[in-house]
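These notes concern the structure reproduced below.
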Amino acid sequence: MSAATKATITRADSALTPKGERRAAEILDATVRCLARDGYSATSIQAVADEAGLHKRVVLYYYGSREGLFDRVVRHLGDELFDELERELGALDDPEEIVGRGYERLWKVVTRDRPLVISWFALRAESVTNPTLASTARYVTDRFRALVSGLIDQALGRGRTLRIARGSLEVLILAGFQGLILEYLERGDTPQLRTAIDDFQIWLASVSEPPS
C-alpha cells in the first residue's frame, strides 16, 4: 500500500463531525454506484464528485487520491460484511449449519448489493495489470480466507478431521464461491445455479468427519 493510501485511510478513520461522517459515506456510496455502472476506467474523482453532487476537492479532502478512495471503498464494505459473518458463524458447532447460514448471508449480499459485487470484480480484474490496486483487490479475498481458516480451526478444535488437505480446502471454497458469483452476474439466479449452490453446500458439509 502506498504512503498516500495510508495517509488517506488515516484521515478517513480519524474523528469526524457527524456532518463529515455523512459526507464521507456519501462519497463511498457514489463511488460504488459509479464503479458498478461505468467500470473502473471511467470512475474518476470528478465522476464520483458529480455523482455525489460535490466539488472534486471535497472528495480529495476525504480520500486523498483515486487509489485511496477505491482502497477505502473495498476495505470498508469488506469489513462490514465479514465482521457480521464472524459474529453470526463463530458460535455455531454443526458444519451443515455453518455452511447453510454462511452461504445464506453471503448470497443475500450478492443478490441485494449487486453494484458492490460488480465493483469488487471490476477492481480485481483491473489489479491484474495495475499493481497499485493489487493489495486493495486482495483485501476481500484475504478476509474471506481468514474467515474460512478460522472456521476450519474451530472444527479441528472440536476434534473433527478433514478429508482433504487444508490448503486445498481453502482454495476450493474461495474458488467455488467466486465462480458461483460470476455465474450469477452473467446469467442471473437460474434453477441450475440454485442446484449448483445446494450441491456445493452438501460437499462443504461433508469435507470433515466428526470425532471417532
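Which values of log₁₀ I(q)/I(0), to two decimal places, follow from the Debye formula for region 28-72 at q = 0.32 Å⁻¹ with a uniform point scatterer at every Cα?
Scattering profile of region 28-72, log10 relative to I(0): -1.32.
Under a point spin-label approximation (7 Å from Cα along Cα-to-Cβ), what is the Glu183-Leu60 distance to one decimal in nm?
If labels sit at Glu183 and Leu60, their model points lie 4.6 nm apart.
Work through the residues other than Leu193 whose Cβ is under 13 Å from its Cβ and net out their charges, Lys, Arg +1 and Asp, Glu -1. Spell out each step's value before the answer.
Values: positive: Arg187, Arg194; negative: Glu183, Glu186, Asp189, Asp198, Asp199.
Net of charged neighbours comes to -3.
Which number do you get for Rg(Cα) / (2.2 N^0.38 Å) in the chain? Don't skip to the answer; put the middle values down first.
Details: Rg = 19.0 Å, N = 212, 2.2 N^0.38 = 16.8 Å.
For the chain, the normalised Cα radius of gyration comes out at 1.13.
Would you mind calculating the gained length between Trp203 and Asp83 on full extension (0.36 nm times residue separation, minus the Cα-Cα distance), in nm to one decimal?
Working: separation 120, 0.36 × 120 = 43.20 nm, distance 2.52 nm.
The span from Trp203 to Asp83 would gain 40.7 nm if fully extended.
For q = 0.17, 0.21 Å⁻¹, what log10 I(q)/I(0) does region 56-106 give under the Debye formula with an equal point scatterer on each alpha carbon and no solvent?
Treating every Cα as an identical point scatterer, log10 I(q)/I(0) equals -0.61, -0.72.
Rule-based calculations on the coordinates, nothing more; no lab input. On a predicted model such as this, the values are computed, not experimentally measured, just so you know. Don't worry about glycine lacking a Cβ; one is built from the backbone with ideal geometry, like all the others, and counts go over all protein chains shown.
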